[in-house]
There are 2 protein chains.
Amino acid sequence: MSKLRNEGPIGVFDSGLGGFTVLRALAEHLPREDLVYFGDNARVPYGIRSEQTVINYARACAGILRSLHIKALVVACNTVSAVALDVLRAELFFPVLGVIEPGTRAGLAQCPNGRLGVLATGATVRSGAYPRAALSCNPDASIFVRAAPLLVPLVEEDVLSGELARLCVRKYLEPLVLDDIDALLLGCTHYPLLTPLMASELVALSGKNLPIIDSAEAVTAELLQLMASQHLATERAYPGKLRIILTDRPDNLDLASRWLGRDPAELNVTTVDL
Amino acid sequence: MSKLRNEGPIGVFDSGLGGFTVLRALAEHLPREDLVYFGDNARVPYGIRSEQTVINYARACAGILRSLHIKALVVACNTVSAVALDVLRAELFFPVLGVIEPGTRAGLAQCPNGRLGVLATGATVRSGAYPRAALSCNPDASIFVRAAPLLVPLVEEDVLSGELARLCVRKYLEPLVLDDIDALLLGCTHYPLLTPLMASELVALSGKNLPIIDSAEAVTAELLQLMASQHLATERAYPGKLRIILTDRPDNLDLASRWLGRDPAELNVTTVDL
């Protein structure tokens, strides 16, 4: 039974395709694990729904992943991580990790003065989840959270460099640098695509090499620890398979497959109705 | 009865607060009419919903406006104008005007070579409503429709001038100028806030003063004609009242009241649950 459990896939759940940045980190660090991604792209974005609706959607999607015998669930969506994680943990009998707590812990670990900057969507900012997570980690932390509504459309337009992208990024980084942050946490799955640009703008604005923390890397590190301590790693020696389940045919799969670092033709994508 | 009907308000319906640009045009050109605005901001944006859901929402919202004895309904929302106008017209016993047909007619009227450029949201572009409207106006028209996903967040960030705004606007105008358009139609209620910037960029890109058509002005002109022909104008000599009904408390009412050109403190806003 324990061995069978080991050989189940790791589930990744997101409201859309942005979670491909998380899937990429998992595939890189856990190359022998089977991964199954569930993207509820028919109902994206979750950030504009009521809390109860997000919980209902999260339950339904997690239920499909459970039926595929996953051994752990990574919730890549910030909105679900903010409002539905406790419900999912209470109902599911395998480990459930969100992106907010691991990202905040990893971010604060890089803040000698306890001053963490966070960029996120308006919905995530309004949820108050990052300040809550930071204060539960370190009651003395100062957290500066800014909504960055231009960055998701920028990434979805594939504008990742050049003057327009630089000015968008600078608009949001400038006030955080004025707040004298020690490190920057990316609180949205789309933003890691802009990391190189953000790094150079942070140097230009602050004169310092401020660390940039990608929640995808942080949640992957926590999952690795957890799998080691709970003996959940696969015993197979060959590369894991990747399966993608969406609730609608995507119109930007070519772009998203670049976020994942794979050829779109080699992706195993199926569509289900919810 | 006919006289009572004259004295009813004009209803304006939108999925959010973007329709304030339409409300502003109506208030300017029809200063003696009572206006009642219904913004379903709890469920914005409609563009990501299925057609049937948009129809259901539109029916419910129009029903509330009907109960307020409106004499005409202006649908400011492009998504509702694209998918639900026929349903609303079949069910309501007063005139219902959308923004797509009046905008397209006004736009094509300014196209000597029949080449009309349209900027709209991704959802409106996918609906195909502008090419349909253009072809039903003029089967020989060439219509160039581009999605401009950065422009709504730009307006909601109140970035209406400066280099960042200029580069965003240029990104979308450049291909339309290469398509040799005669005129530009703004197919989203947010975009008229960017008209001054678009006008100067169109001159810079094309060397010509290309006309920019605001659907708000176009639908107001058609409503004026219709009210004259159906004898629907009020007989009162004093200024009309403005009432705003929303389905959620707005977090950007200060900004939106500037789109309307009014002091937020003087706005009569109520919130209803749907």
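The values are calculated or read from the model by the stated rules, or taken from the named source; none is laboratory data. As the structure is a computational prediction, the values presented were derived from the model and not from experiment. So basically every Cβ, Gly included, is an ideal-geometry build from the backbone, and we count neighbours across all protein chains shown. With ligands, DNA and RNA removed, areas are computed over all heavy atoms of the protein, side chains included. Shrake-Rupley method; radii C 1.70, N 1.55, O 1.52, S 1.80 Å.
Go over the candidates A:Thr220, A:Thr234 one by one and state the one that is assigned to a loop (DSSP other than H, G, I, E, B), closer than 30 Å to A:Arg5 by Cβ and β-branched (Val, Ile, Thr).
After applying the criteria, what remains is A:Thr234.
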Just to be sure before I move on: is B:Val12 among the aliphatic types (A, V, I, L, M) and not in a helix (DSSP H, G or I) in the structure I sent? yes
Please state which one of A:Ala90, A:Ala76 is surrounded by 20 or more Cβ atoms within 10 Å (Cβ to Cβ) and away from every other protein chain (no Cβ under 14 Å). A:Ala76
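Are any residues in the range A:18-56 closer than 15 Å to A:Ile244 by Cα and within 14 Å of chain B (Cβ to nearest Cβ), and if so, which ones? Lay out the reasoning, then the answer.
Initially, the range A:18-56 is screened for residues closer than 15 Å to A:Ile244 by Cα, giving A:18-24, A:26-27, A:33-42.
Correct list: A:Asp40, A:Asn41, A:Ala42.
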Among the residues of the range A:219-258, count how many are open to solvent by less than 80 Å² (accessible area, probe 1.4 Å) and touching a Lys or Arg at 6+ places or on another chain (Cβ under 7 Å). 5
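Return yes or no: is A:Ala204 more than 14 Å from chain B (Cβ to nearest Cβ), open to solvent by 20 Å² or more (accessible area, probe 1.4 Å) and not in a loop (DSSP other than H, G, I, E, B)?
Details: more than 14 Å from chain B (Cβ to nearest Cβ): yes; open to solvent by 20 Å² or more (accessible area, probe 1.4 Å): yes; not in a loop (DSSP other than H, G, I, E, B): yes.
Taking the combined requirement at face value, the residue satisfies it.
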Do the conditions hold for B:Gly107, that is, is it within 23 Å of B:Pro192 (Cβ to Cβ), touching a residue at least 12 places away in the same chain (Cβ under 8 Å) and within 14 Å of another protein chain (Cβ to nearest Cβ)? no
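Here is a yes/no grid of residues against (1) farther than 24 Å from B:Leu253 by Cα; (2) of a type in the set (Gly, Ala, Ser); (3) within 14 Å of the chain's Cα centre (by Cα):
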residue	(1), (2), (3)
B:Leu4	yes, no, no
B:Glu7	yes, no, no
B:Thr21	no, no, yes
B:Leu26	no, no, yes
B:Leu30	no, no, no
B:Leu35	no, no, no
B:Asp40	no, no, no
B:Val44	no, no, no
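Given the criteria within 14 Å of chain B (Cβ to nearest Cβ), open to solvent by less than 20 Å² (accessible area, probe 1.4 Å) and under 27 Å from A:Ile48 (Cα atoms), does A:Leu186 qualify? Working first, answer last.
Details: within 14 Å of chain B (Cβ to nearest Cβ): no; open to solvent by less than 20 Å² (accessible area, probe 1.4 Å): yes; under 27 Å from A:Ile48 (Cα atoms): yes.
No.
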Given the conditions (1) away from chain A (no Cβ under 14 Å); (2) in contact with a Lys or Arg (Cβ under 9 Å, 6 or more places away or on another chain), report the number of the one that B:Pro175 does not fulfil. (1)
Since A:Pro153 meets every condition but one in (1) within 14 Å of another protein chain (Cβ to nearest Cβ); (2) at pLDDT 95 or above, which condition does it not meet? (2)
How many of the residues making up the range A:116-135 are among the aliphatic types (A, V, I, L, M) and free of Cβ contacts under 8 Å to residues at least 12 places away in the same chain? 1
Is it true that some residue in the range A:25-33 is buried (at least 24 other Cβ atoms within 10 Å of the Cβ), within 24 Å of A:Val54 (Cβ to Cβ) and touching an Asp or Glu at 6+ places or on another chain (Cβ under 7 Å)? no
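Considering each residue of the range A:262-272, count those that are under 19 Å from A:Pro31 (Cβ atoms) and open to solvent by less than 50 Å² (accessible area, probe 1.4 Å), and give that number. Give the derivation first.
Filtering the range A:262-272 for residues under 19 Å from A:Pro31 (Cβ atoms) gives A:262-263, A:266-268.
Filter once more, keeping what is open to solvent by less than 50 Å² (accessible area, probe 1.4 Å): A:267.
Total satisfying the criteria: 1.
Out of curiosity, is A:Ala123 closer than 19 Å to B:Gly122 by Cβ and more than 9 Å from chain B (Cβ to nearest Cβ)? Talk me through it step by step, then tell me what you get.
Working: closer than 19 Å to B:Gly122 by Cβ: yes; more than 9 Å from chain B (Cβ to nearest Cβ): yes.
Considered against the rule, which asks whether it is closer than 19 Å to B:Gly122 by Cβ and more than 9 Å from chain B (Cβ to nearest Cβ), A:Ala123 comes out as yes.
Let me confirm something: among A:Ala141, A:Ala165, which residue is open to solvent by less than 50 Å² (accessible area, probe 1.4 Å), within 14 Å of chain B (Cβ to nearest Cβ) and more than 17 Å from the chain's Cα centre (by Cα)? Give the steps one after another, and end with the answer.
Working: A:Ala141 fails: within 14 Å of chain B (Cβ to nearest Cβ).
The unique qualifying residue is A:Ala165.
Grab the strands (runs of 3 or more DSSP E) fully contained in the range A:67-157, keeping just those with 1 or more residues being among the aliphatic types (A, V, I, L, M), closer than 21 Å to A:Tyr57 by Cβ and touching a helix residue (DSSP H, G or I) at 6+ places or on another chain (Cβ under 7 Å).
On the way: elements: A:72-75, A:115-120, A:142-147.
Result: A:72-75, A:115-120.
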Looking at A:Arg59 and the list (1) within 14 Å of another protein chain (Cβ to nearest Cβ); (2) more than 19 Å from A:Val219 (Cβ to Cβ); (3) open to solvent by 10 Å² or more (accessible area, probe 1.4 Å), which single condition is not satisfied? (1)
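Across the range B:123-138, what is the number of residues that are open to solvent by less than 40 Å² (accessible area, probe 1.4 Å) and either aromatic (Phe, Trp, Tyr) or within 20 Å of B:Gly107 (Cα to Cα) (or both)?
Of the range B:123-138, the ones open to solvent by less than 40 Å² (accessible area, probe 1.4 Å) are B:123-124, B:127-130, B:133-134.
Those still in the list that are either aromatic (Phe, Trp, Tyr) or within 20 Å of B:Gly107 (Cα to Cα) (or both) too: B:124, B:127-130, B:133-134.
Total meeting the criteria: 7.
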